[in-house]
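Beneath this line is the structure, given in structure tokens, with notes to follow.
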Amino acid sequence: MCLVFDFSLNDLLAPQKQKTITVLSAILNFLHFRKQRMEMVLEKQAKYRADMDRLQAYTRGNKEAEKKIKALTTIPPEQQAEAEELAAALSELQATTMHEYQEVNVKNDCIAEWKTKIAEKSQKLAQVKVDVSNMKEDIGKLKSQIVESPEELKSQMEKMRENVKNVKNSIKETDERVVELQNMVQGVTHTEAEIQQMYNLLQDLESSMSNTKQRHEMQQDLTAQYEKKQKELKNLCVEEAQMKRAQGMKLDKESKQNIRRQMKKETMEQHVQDVMGQCNQIHQKREEMAEKIQEISRETQQLKAKIQSLRDVCSKETEKAQALYDTLSNSMDDLHGRIDTHIVDLKQDVVRMSANF
């Protein structure tokens, strides 16, 4: 948007109307672009600062939540022994309450049995009292109408005395049982008071358990908040990394722009843009020549390596040829010796044959 592609030094040395307008519009566009970018950068910096403040607040909240969770979950060492004692006392109290409930149930059963027995005995006692009153009435009637012998009267009196004695004994037994039942009722009331105390203790324990449950729920809420804060912290870290990358890219662009500006200033001050083009061409040619020289050096090195390999191969072949030459020369010497011996033998044979002929 701000770049003038066909700009040259002649536009400054010999300015023209259209070129001047183009250059000025490019400068204005650049200033407008720079202003927009500065506003965007300031907005991003403000957002980055707000995100960093929020990140610090979240980290502080996370640390406080971790401390609260640790304080709620951990038992202090000075209270650990007390907590163990309370747990042991609670288990012992539950065992004793169960045992006492069983004993109370047994005692209630015994009391119900004794009540039934007392009711039966009271019914029997009432019946005996009725019988005694009837017998007394009968005795009063019989006293007025007695015409029997004194022996029968004595026997009846003895029977009546035995009946009265039995009635007294039964009354005494019932009184003793009533006393025992009263003692048992007192024991039951005492056990009921103890059970009430145990019930109060159990209510206290239930309230403490509800408090611990509430604390556990608070701990779960705090852990959920902690996980939520961790997710937000991760998102903020990702945003921070993105902001850092964007800021790095921005700084890179700014550095590149500064380098370009510096290069433009240097070219404007030195007034050697054409020379720089030629220098660039020369530099390119030099680089091409350097590349060619490097290629030639690489080729020479390759040729040297090939020559060395060929020399090695030639030396090996010469050694092989020398060995073959030695073997051939030895075999030729042997062959020549054999031929000489054969020639001598043939000459001798010819001489012999000529002598015979």
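Quick note: the coordinates plus some simple rules give every number you see, no bench work behind them. None of these values were measured; they are calculated from a predicted model. For neighbour counting, all protein chains shown are included, and Cβ atoms are generated from backbone atoms with ideal geometry for every residue, glycine included.
Annotations for the structure displayed:
- For the chain, the convex hull drawn through the C-alpha positions has a volume of 703 cubic angstrom per residue.
- Think of the chain as having a plus end and a minus end, set by charges on the Cβ of Lys, Arg, Asp and Glu; of Leu125, Gln281, Val313, Gln281 sits farthest toward the positive end of this dipole.
- Helical contribution to [θ] at 222 nm, DSSP H n ≥ 4, -39,500 (n - 2.57), averaged over the chain, rounded to 500: -35500 deg cm²/dmol
- Lys, Arg +1 and Asp, Glu -1 on Cβ, resulting dipole of the chain about Cα centre, debye, nearest 20: 2420
- Cα gyration tensor shape of region 272-357, rounded if a/c is under 1.5, else prolate or oblate by comparing a/b with b/c: prolate
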